[in-house]
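Please read the structure below before turning to the comments.
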Amino acid sequence: MLISSAQLKARAQALGFNLVGITPARPAPHLTAYLRWIENEMHGEMNYMARADRVARRRDLNVILPGAQSLILVGVDFSTLRLPESFLNDPTRGRIAQYAWNKDYHAVLTPRLKELAAWLKVSARAYVDTGAIVERDYAWQAGLGFIGKNTMLIHPRRGSHFFLGEVLTTAEFDVYDQPSRETQCGTCARCLAACPTGAFPEPYILDARLCISYLTIEHKSAIPHELRPKLGNWVFGCDVCQTVCPWNRFAVQTLETEFFPVNENRAAPPLAELLQLNEARFTAQFAGSPVARIGRARLVRNACVAAGNSQHSGFVPLLIHLLADESPLVRAHAGWALFRLDAASARAELAQRLSAESDETVRAEWQALIDQPLDSDLH
């Protein structure tokens, strides 16, 4: 028995999904390109993407759900307030990507997807970017938009400011959606030119190892030295390649109140506050937010980099205090930031503390800073 796609879409829209499309559960149309991306190690430290079991699932959706026949793709807008760029780019603030300004989208979308899956009354699995599914590829195939040169899924009347989710099911439908045009970017390359780190080696390919979102969220170790100055004041994620995209002039303000920031500091909190976060304050400030997933140490690491890029000497006492932080990751980046703001003072401070530092990675970072010549050494 075939299920009515019209009824399914009506149910999905009633649950608050702005976009809905249905496609057969076949191998993703651009799976080969994805596997080549993995082979080229552009996934960085996200080793779960290259695991053999997850690659097997992406090759054949029946590994996830035996008898899988269809994929239902849904989208929910997340655009909220349009805050002034002067505020967001304030070097004394740490900028957070718009999608993370309030409640974690997983918590908002997952219960609704499970409700949609239960409505089918057949076997189904629901995911919000947690399954081994090339969801943007399937979303394109289901007619939810086209793939931009920045690798984002772009809807020609909504831009790219929406979350994706999917239901994999054994259900069959009377009508399946047709793919959108593969791309509608034309000659535009604003996203490629605007990327601060040059994370796009060519159109439609993102090298995650250079991406600010990856570096501030997924990357668990020290941020490469040569990339730190390019992070600006970003402390969680990055919106640059979407902000400059002409299609996002059509972005629709979301109806989901839980995505709106409770105040402007959720979009760009003062760096002074972030540099003083302890575990209790971090939990209190970011509980229920996507930011919570990176933990206090990585957020303060990112804040140190932003402080080092700020040219604001007022952060020097806070960075000196962080040289004794319990996290080696924080101590290392605090030393770098301190050197950026006041190299002479940093050299003296780090030299004094070096012998007592127990972590070899921190010692190596500090020693490299101590050995770095100052302008005064050249005269």
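The values are calculated or read from the model by the stated rules, or taken from the named source; none is laboratory data. Everything numeric here is computed off the predicted structure, so don't read it as measured data. Don't worry about glycine lacking a Cβ; one is built from the backbone with ideal geometry, like all the others, and counts go over all protein chains shown.
A few remarks follow.
- Close Cβ contacts (under 6 Å, 6 or more residues apart or on different chains) running from residues in the stretch 71-96 that are under 30 Å from Gly131 (Cβ atoms) to residues that are part of a helix (DSSP H, G or I) and of a type in the set (Gly, Ala, Ser) comprise Leu73/Ala139; Val74/Ala12.
- Extreme residue, farthest from the chain's Cα centre (by Cα), among residues of the stretch 100-150 that are surrounded by fewer than 18 Cβ atoms within 10 Å (Cβ to Cβ) and at positive phi: Lys121
- Criterion (touching a helix residue (DSSP H, G or I) at 6+ places or on another chain (Cβ under 6 Å) and without any contact (Cβ under 8 Å) to a residue 40 or more places away in the chain) met by exactly one of Arg228, Arg296, Arg281: Arg296
Okay, residues lined up against (1) part of a helix (DSSP H, G or I); (2) modelled with pLDDT of 95 or more; (3) farther than 23 Å from Ala208 by Cβ; (4) basic (Lys, Arg):
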{"site": "Gln7", "(1), (2), (3), (4)": "yes, yes, yes, no"}
{"site": "Ala10", "(1), (2), (3), (4)": "yes, yes, yes, no"}
{"site": "Gln13", "(1), (2), (3), (4)": "yes, yes, yes, no"}
{"site": "Ile22", "(1), (2), (3), (4)": "no, yes, yes, no"}
{"site": "Pro27", "(1), (2), (3), (4)": "no, no, no, no"}
{"site": "Trp37", "(1), (2), (3), (4)": "yes, yes, no, no"}
{"site": "Tyr48", "(1), (2), (3), (4)": "yes, no, no, no"}
{"site": "Arg54", "(1), (2), (3), (4)": "yes, no, no, yes"}
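- Hits in the stretch 112-129 (condition: without any contact (Cβ under 8 Å) to a residue 24 or more places away in the chain and closer than 13 Å to Ile3 by Cα): Lys121
- Per-region count, the stretch 123-135, residues in contact with a Ser or Thr (Cβ under 8 Å, 6 or more places away or on another chain) and within 18 Å of Tyr176 (Cβ to Cβ): 1
- Residues that are part of a strand (DSSP E or B), of a type in the set (Ser, Thr, Tyr) and over 19 Å from the mean Cα position of the chain (by Cα), drawn from the stretch 68-91: Ser70
- Residue count, the stretch 303-353 (criterion: among the small types (Gly, Ala, Ser) and either within 27 Å of the chain's Cα centre (by Cα) or not in a helix (DSSP H, G or I) (or both)): 11
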